[in-house]
Amino acid sequence: MPGLRFLTPPRPISLPVLPLTIMNISIAERDKRTIWHPYTPQKYAPVTIPIVKGEGVYLIDESGKRYIDAISSWWVTIHGHAHPYIAEKIYRQAQALEQVIFTNFTHLPAVTLAERLLSILPGPFAKIFYSDNGSTATEVALKMAIQYWWNKNDTKRAHIIALRNSYHGDTFGAMSVSERGVFTLAFQDKLFNVLFADTPTEEDPEIHFQGLDESQTDALLSEAACVIYEPLIQGSGGMKMYTAEALDRFLERCKQRKVICIADEVMTGFGRTGKLFASSYCKTKPDIICLSKGLTGGTMAMGVTACTDAIHSAFVDDDKLKSLFHGHSFTANPIACAAALASLDLAEQPEFAAGISRIADRHRSFCQQLQPYQDKNIIKHIRQTGTIMAFEVNEGQDAYISDIRDLFTNKSIDRGVYLRPLGNTVYLMPPYCISDEELDKIYEIITDILDEMQLT
Ligand SMILES: *Cc1c(COP(=O)(O)O)cnc(C)c1O
């Protein structure tokens, strides 16, 4: 039997050998020399905090200081950091099979994950397409929907519909269907045309096209390939919330005109809104759904695009040109699949649903506690859906680059909580394992900052 052959591993107990010049420099300084961080202005880039450990709701830095991760590390961490159960499953999978090309080959973690997802997804989904992040999940969804009509030789279905104020990712297709704003300014004329419908607001609760009456809207929908939407909460657009009823009325209309409905549940999936998926609040089910962030419990990069049999069948053809020519190197990575399966195991435990509804209850009373600040015009639009609560600070402009964010982030970091407002919008989206005491600490910091603002 041939022995195992690997490239020589480093000697197990040797200390990392760093050049002398690096040894006396802080990690933050070395970071600054070499790394370009996302969404970070490069001239006045803030000093980064090196994190050495994650533990439940906490991030722990080099000096041992602990920070409550009140926004789940960009909305991905649902069971807490470094969960031992998921870690164990990742370790075992890494020893068995770490990666395999996903054409010609398959593996049990991918198959089991597909079966389990299909059994819990909100709608009659039939196929799972794997990719590696939220943007790729939405790109795949758009390509499926556009090519569906191409495969059917239907040339009338020209329009792609999205909602104003939406966010679907940072790649070009995803940017095209997102609100055109500061994120997309430099690429404006390189993005494809999209028809934007108005998102419901308190004053105007319907989704509709500006200046179009009912029959014009129906005519437009009859020529639309697909509509993509973030159900109930528009995340990056500022945690804007709207009702399932308004969405249902619009989706119903789209369905009647055979428009393919794409639910982008990259953020709302896996319990964020109180139910496992936000689409479960709607009667009308999507034809395609996009998942990522919470999918692996926030441990590994993974995207999923699920579609119905009706969509998939348009790709089943003698003509090979009707294939979906799309794939990524790490499609269905076995370690990511194992992490997602472990995350689903945890989601079946009673603590999962209990955590979500406890956070929702606590948020709801905090919203009431904030009411006096709204009465005094310090904040506005206090709102909450499931584990997400948000409000806007009534000061400065409501832009992504607002100073409010730095104020809240810096003050909360000092006191051991990580908050990162979206412009003027302060929001909370904690991991579901957060305790009542930890929530109280976050709430207290927020009211303290608002009290200080009131004095100035
Ligand atoms: C974060 C997000 C994306 C993009 O996911 P990435 O993994 O960051 O590429 C897409 N859609 C929604 C609704 C998101 O919140």
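Looking across T184, T201, one residue alone is more than 16 Å from the ligand (Cβ to nearest atom), at pLDDT below 95 and among the β-branched types (V, I, T). It is T201.
When T409, T385 are checked against the criterion of being of a type in the set (S, T, N, Q), within 26 Å of the chain's Cα centre (by Cα) and within 19 Å of H79 (Cα to Cα), a single residue qualifies: T385.
If you go through segment 309-342 one residue at a time, how many are in contact with a Leu (Cβ under 7 Å, 6 or more places away or on another chain) and within 30 Å of I434 (Cα to Cα)?
Residues in segment 309-342 being in contact with a Leu (Cβ under 7 Å, 6 or more places away or on another chain) and within 30 Å of I434 (Cα to Cα): 4 in total.
Taking K293, is it surrounded by fewer than 24 Cβ atoms within 10 Å (Cβ to Cβ) and in contact with a Gly (Cβ under 8 Å, 6 or more places away or on another chain)? Answer is no for this residue. For segment 114-133, residues that are over 19 Å from F102 (Cα atoms) and within 16 Å of the ligand (Cβ to nearest atom) total 1.
Scanning segment 353-376 finds no residues that are more than 27 Å from H79 (Cβ to Cβ), at pLDDT below 95 and buried (at least 17 other Cβ atoms within 10 Å of the Cβ). Could you please let me know if I434 is surrounded by fewer than 20 Cβ atoms within 10 Å (Cβ to Cβ), under 22 Å from the mean Cα position of the chain (by Cα) and either assigned to a strand (DSSP E or B) or outside the structural domain of S280 (by TED's automatic domain parsing) (or both)? Against the criterion (surrounded by fewer than 20 Cβ atoms within 10 Å (Cβ to Cβ), under 22 Å from the mean Cα position of the chain (by Cα) and either assigned to a strand (DSSP E or B) or outside the structural domain of S280 (by TED's automatic domain parsing) (or both)), I434 does not qualify.
Which one of these is outside the structural domain of A354 (by TED's automatic domain parsing), exposed (fewer than 13 other Cβ atoms within 10 Å of the Cβ), touching a residue at least 60 places away in the same chain (Cβ under 8 Å) and of a type in the set (S, T, Y): T112, T103?
Criteria check complete, one pass: T103.
Tell me whether segment 44-56 contains one or more residues that are buried (at least 22 other Cβ atoms within 10 Å of the Cβ), β-branched (V, I, T) and on the phi < 0 side of the Ramachandran plot. No - not one qualifying residue is present in segment 44-56. Every condition in (1) surrounded by 14 or more Cβ atoms within 10 Å (Cβ to Cβ); (2) more than 28 Å from R358 (Cβ to Cβ) is met by T447 except one, and the failing one is (2). Within segment 2-40, being of a type in the set (D, E, K, R) and modelled with pLDDT of 90 or more holds for E29, R30, D31, K32, R33.
Scanning segment 21-78 for residues that are closer than 23 Å to G298 by Cβ, in a helix (DSSP H, G or I) and among the acidic types (D, E) turns up just one, D31. Per the listing A306, A225, A246, A310, the residue uniquely of a type outside the set (V, I, T), modelled with pLDDT of 95 or more and closer than 28 Å to A342 by Cα is A306. Here E88 meets the list (1) in a loop (DSSP other than H, G, I, E, B); (2) charged (D, E, K, R); (3) closer than 19 Å to L346 by Cα almost entirely, failing just condition (1). Within segment 179-201, restricting attention to residues that are closer than 16 Å to I160 by Cβ and among the aromatic types (F, W, Y), which residue is surrounded by the most Cβ atoms within 10 Å (Cβ to Cβ)? Among them, the one singled out is F196.
Taken together, A336, A342, A310 contain a single residue that is within 14 Å of the ligand (Cβ to nearest atom) and either under 17 Å from K127 (Cα atoms) or buried (at least 21 other Cβ atoms within 10 Å of the Cβ) (or both), which is A336. Of all residues in segment 134-151, none satisfies the criterion of being within 15 Å of S236 (Cα to Cα) and more than 12 Å from the ligand (Cβ to nearest atom). Number of residues in segment 251-270 that are surrounded by 24 or more Cβ atoms within 10 Å (Cβ to Cβ) and farther than 14 Å from A145 by Cα equals 7. The set of residues in segment 152-177 that are without any contact (Cβ under 8 Å) to a residue 24 or more places away in the chain and within 16 Å of the ligand (Cβ to nearest atom) comprises F172, M175, S176. Taken over segment 151-178, the criterion of being over 19 Å from the mean Cα position of the chain (by Cα) and loosely packed, with under 15 Cβ neighbours inside 10 Å is satisfied by K152, N153, D154, T155, K156, A158.
The values are calculated or read from the model by the stated rules, or taken from the named source; none is laboratory data. Computed from a prediction, not measured in an experiment: that's the story for all the values here. Cβ atoms come from the backbone with ideal geometry, glycine included; neighbour counts cover every protein chain shown.
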